[in-house]
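Trainee: Can you keep this structure in mind? I'll have questions shortly.
The values are calculated or read from the model by the stated rules, or taken from the named source; none is laboratory data. Keep in mind it's a predicted model, so treat the numbers as computed, not measured. Quick reminder, even Gly has a Cβ in these numbers, built from the backbone with ideal geometry, and neighbours come from all protein chains shown.
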Amino acid sequence: MAATELKLMVFAHLGEGWKPCGQLLMTEAGTEVLASNFAYGLNYARRPDALEVDPVSLSLRNRDEVLGKRLYPAKQLPLFGGIRDAAPDAWGRRVIESKLKVPANSLPESQYLLHAGSDRVGALDIRARIQDGPSHGPNVSHDLAHLLEAADRIEAGLPVPAHLEAIFVDGTALGGARPKASVRDEQGVLWLAKFSSRKDRFDVPGVECATLRLAGQAGMHVPALDVRTLGGRKVMLIRRFDRYWLAPDGVLAEADRLFLTQPGGGRVEHRLGFVSGLTLVACDETESRTKAYTDLAQAVREHCHPSVIRADNAELFRRMVYNILVSNDDDHLRNQGFLWDPRLPGWRLSPLYDVLPRASLASERFLHLGVGPQGRLATLDNALAAHARFTLSKAQAARTIAEVWQTVREWRVCFEQFGVADDEIDKIATAFRHLDAVSTPELRKLLP
Ligand SMILES: Nc1ncnc2c1ncn2[C@@H]1O[C@H](COP(=O)(O)OP(=O)(O)O)[C@@H](O)[C@H]1O
Ligand SMILES: [Mg+2]
């Protein structure tokens, strides 16, 4: 197949609005991306508040090295991670294909990039020409029931009738494989709605929400959450952590909190840059399984702001321990996120998302990412042995394990309080591990 070269414009949302950021050249053959390069616009790269498109390959730390140059993806990858993170993932692709009435995975990557819409996760937008404006996202609150019905039809490969076409605006911009859409509440706050799927064998929205809430109780940073029931089916709502609101002349304070400013009172919506763990570790999707939490910890040391390294490493360790105790083995690098915090300014770990317990009868279990010296083996001994790689003393790591276990051991009571039905709790009960099943007596002696 003949290769074609395409020029795309990348925009970044800075403070008050969209700014042209640079030009992306992509070489494609059919659906395959062969190569790409990027050049920052001079005016953009000179701005003190310029957002990096990619913290690894397109860093703006040494601007003189970047100005006026064509830059290439790290490790000879065909596409920049930061651009891939602005592309739709499996679900968003299905929505775009349904809108354009084409078969699954039949479009070149550039088309998916162009059709994902301006409300995509993060602060980038990809458009065909510099003079193109943003596409309009979910500015009105569409009916969740309609979005759910449309999502069902897309999942089933059925055409979407005209009265359900809001999904083509609200459903395209998002990553992941499960059916979802962006929605605004009455105050104007943007949420990600995750629907149940007809294929689900348990109450996934209710259980995901409860698992995230439990993580919050176990000391992890979790966005605001809600569960709604529509026609007997549940929808999980998770607040979009890549949006915040400021008065036009406002300043953001409270560097330890992640942007919980509310809309209203003339406040303007701002966006935070987002990249996935895949991008921070600079690898391809297919390499995710060969990577470890310690690679993420190392990438945090290299690319995140110095002031957050210690806390983000500690949080990564806590998340790893939690994933072991709840058997969340979908902890791949796209399910780890990083945000650009303009107050630092710099990259930092995003709040937690996409955590789901997996029921299992296996006594030996594995996470997706490597845990410690015994690879992906999901035991607390394996986690503890890696403590130094997370800038934690052995005693600090043991304290974290004890804290997370104290919360997880109460999971049933918490899930009941969070409104998960008893029979649903039973369906996932084997996911939750007892301390004794994932640790040795030697480790337990170290716990405070
Ligand atoms: N609260 C959130 N705010 C902003 N972006 C989010 C949020 N939660 C998830 N995302 C982004 O959306 C993508 C899909 O969400 P995820 O929960 O991982 O769905 P799935 O279960 O389909 O994988 C994530 O990979 C992340 O990029
Ligand atoms: Mg996901």
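Trainee: Evaluate the following for LEU392: is it crowded, with 21+ Cβ neighbours inside 10 Å, more than 24 Å from the chain's Cα centre (by Cα), in a loop (DSSP other than H, G, I, E, B) and more than 16 Å from ligand 1 (Cβ to nearest atom)?
Mentor: Yes.
Trainee: Out of curiosity, is GLU269 among the acidic types (Asp, Glu), within 27 Å of ALA362 (Cβ to Cβ) and surrounded by fewer than 22 Cβ atoms within 10 Å (Cβ to Cβ)?
Mentor: no
Trainee: Something else now. Looking at GLU285, GLU302, can you tell me which residue is modelled with pLDDT under 95, surrounded by fewer than 19 Cβ atoms within 10 Å (Cβ to Cβ) and of a type outside the set (Val, Ile, Thr)?
Mentor: None of the other options fit; the residue is GLU285.
Trainee: Picking from ASP341, ASP331, which residue would you name as being modelled with pLDDT under 95 and within 18 Å of the chain's Cα centre (by Cα)?
Mentor: Result: ASP341 is the single residue among ASP341, ASP331 that is modelled with pLDDT under 95 and within 18 Å of the chain's Cα centre (by Cα).
Trainee: Let me ask something else. Kindly indicate the residue of the range 72-82 that is surrounded by 19 or more Cβ atoms within 10 Å (Cβ to Cβ) and over 14 Å from the mean Cα position of the chain (by Cα) and also farthest from GLU32 (Cα to Cα) among those meeting that condition.
Mentor: This residue is PRO73.
Trainee: Follow-up. Looking at the structure I just gave you, is PRO205 modelled with pLDDT of 90 or more, under 30 Å from GLY265 (Cβ atoms) and within 15 Å of ligand 2 (Cβ to nearest atom)?
Mentor: no
Trainee: Having 1 or more residues that are among the charged types (D, E, K, R) and either surrounded by fewer than 21 Cβ atoms within 10 Å (Cβ to Cβ) or within 12 Å of ligand 1 (Cβ to nearest atom) (or both) is the bar; report the helices (runs of 4 or more DSSP H) wholly within the range 137-241 that clear it.
Mentor: Per the criteria, 144-155, 204-217.
Trainee: Taking VAL56 as the residue in question, decide whether it is at pLDDT 95 or above, crowded, with 17+ Cβ neighbours inside 10 Å and in contact with a His (Cβ under 9 Å, 6 or more places away or on another chain).
Mentor: It is true that VAL56 is at pLDDT 95 or above, crowded, with 17+ Cβ neighbours inside 10 Å and in contact with a His (Cβ under 9 Å, 6 or more places away or on another chain).
Trainee: Name the residues in the range 160-196 that are among the β-branched types (Val, Ile, Thr) and out of contact with any Lys or Arg (no Cβ under 8 Å at 6 or more places or on another chain), would you?
Mentor: Within the range 160-196, ILE167, VAL169, VAL183 qualify.
Trainee: Turning to a different aspect of this structure: Testing TRP347 on (1) under 30 Å from ASP49 (Cβ atoms); (2) within 16 Å of ligand 2 (Cβ to nearest atom); (3) touching a helix residue (DSSP H, G or I) at 6+ places or on another chain (Cβ under 6 Å), one condition comes back false. Which one is that?
Mentor: Only one criterion in (1) under 30 Å from ASP49 (Cβ atoms); (2) within 16 Å of ligand 2 (Cβ to nearest atom); (3) touching a helix residue (DSSP H, G or I) at 6+ places or on another chain (Cβ under 6 Å) is unmet by TRP347, namely (2).
Trainee: Let me ask something additional. Can you tell which of LYS234, LYS291, LYS199 is touching a residue at least 60 places away in the same chain (Cβ under 8 Å) and of a type in the set (Lys, Arg)?
Mentor: Criteria check complete, one pass: LYS291.
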